[in-house]
1. Considering only segment 39-51, state which residues are farther than 18 Å from MET12 by Cα and either among the charged types (D, E, K, R) or touching a residue at least 24 places away in the same chain (Cβ under 8 Å) (or both).
2. Name the one entry in ARG21, ARG11 that is touching a residue at least 24 places away in the same chain (Cβ under 8 Å), of a type outside the set (A, V, I, L, M), out of contact with any Cys (no Cβ under 7 Å at 6 or more places or on another chain) and not in a strand (DSSP E or B).
3. Can you work out which of the residues in segment 45-65 that are in a loop (DSSP other than H, G, I, E, B) and touching a Leu at 6+ places or on another chain (Cβ under 9 Å) is farthest from LEU16 (Cα to Cα)?
4. Among the residues of segment 32-44, how many are under 11 Å from the mean Cα position of the chain (by Cα) and either in a loop (DSSP other than H, G, I, E, B) or surrounded by 12 or more Cβ atoms within 10 Å (Cβ to Cβ) (or both)?
5. Just to be sure I understand, how many residues within segment 10-31 are within 22 Å of PRO61 (Cβ to Cβ) and more than 14 Å from the chain's Cα centre (by Cα)?
6. Considering only residues of segment 1-24 that are surrounded by 12 or more Cβ atoms within 10 Å (Cβ to Cβ) and not basic (Lys, Arg), which is modelled with the lowest pLDDT?
7. Among the residues of segment 53-66, which ones are touching a residue at least 24 places away in the same chain (Cβ under 8 Å) and over 10 Å from the mean Cα position of the chain (by Cα)?
Amino acid sequence: MAAPRKPAFERMEATLLACPRCKRAVPVRKRLLLVLPEGDKYEYLCPQCGSTCGTTVETPPPLGRI
């Protein structure tokens, strides 16, 4: 049986997302929305119109790792 593959990266950061109101790809701003037990929830905002282009939940690193 093959060994499990190690991921090439741990996190990806969105820089361009499609804005539903502007109807084009825009550089987004990341804003903390909620602090949850499973991680911090962020939303990505369009800098032109302020609408939400997406959300993500970032889980904290496991304890014991530095």
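The values are calculated or read from the model by the stated rules, or taken from the named source; none is laboratory data. Please read all numbers here as calculations on a predicted model, not as lab measurements. Using ideal geometry, Cβ is built from the backbone for each residue, glycine included, and neighbour counts are taken over all protein chains shown.
1. Within segment 39-51, CYS46, GLN48, CYS49, SER51 meet the criteria.
2. Details: ARG21 fails: out of contact with any Cys (no Cβ under 7 Å at 6 or more places or on another chain).
So the residue among ARG21, ARG11 that is touching a residue at least 24 places away in the same chain (Cβ under 8 Å), of a type outside the set (A, V, I, L, M), out of contact with any Cys (no Cβ under 7 Å at 6 or more places or on another chain) and not in a strand (DSSP E or B) is ARG11.
3. Looking only at segment 45-65, we keep the residues that are in a loop (DSSP other than H, G, I, E, B), and these are 46-51, 59-65.
Narrowing further to those that are touching a Leu at 6+ places or on another chain (Cβ under 9 Å): 46, 51.
Details: CYS46: 9, SER51: 14 Å.
Only one residue tops the list, namely SER51.
4. The first filter runs over segment 32-44 and keeps only residues under 11 Å from the mean Cα position of the chain (by Cα), leaving 32, 40-44.
With the extra rule that they be either in a loop (DSSP other than H, G, I, E, B) or surrounded by 12 or more Cβ atoms within 10 Å (Cβ to Cβ) (or both), the set shrinks to 40-44.
Of the residues in that region, 5 qualify.
5. Let us first name the residues in segment 10-31 that are within 22 Å of PRO61 (Cβ to Cβ), namely 10-14, 30-31.
So of that shortlist, the ones also more than 14 Å from the chain's Cα centre (by Cα) come out as none.
The qualifying residues number 0.
6. Of all residues in segment 1-24, those surrounded by 12 or more Cβ atoms within 10 Å (Cβ to Cβ) come to 14, 16-22.
Still in the list and also not basic (Lys, Arg): 14, 16-20, 22.
Details: ALA14: 81, LEU16: 94, LEU17: 94, ALA18: 96, CYS19: 96, PRO20: 95, CYS22: 95.
Selected residue: ALA14.
7. We begin by selecting, within segment 53-66, every residue touching a residue at least 24 places away in the same chain (Cβ under 8 Å); these are 53-54, 56, 58.
Within segment 53-66, just CYS53 meets the criteria.
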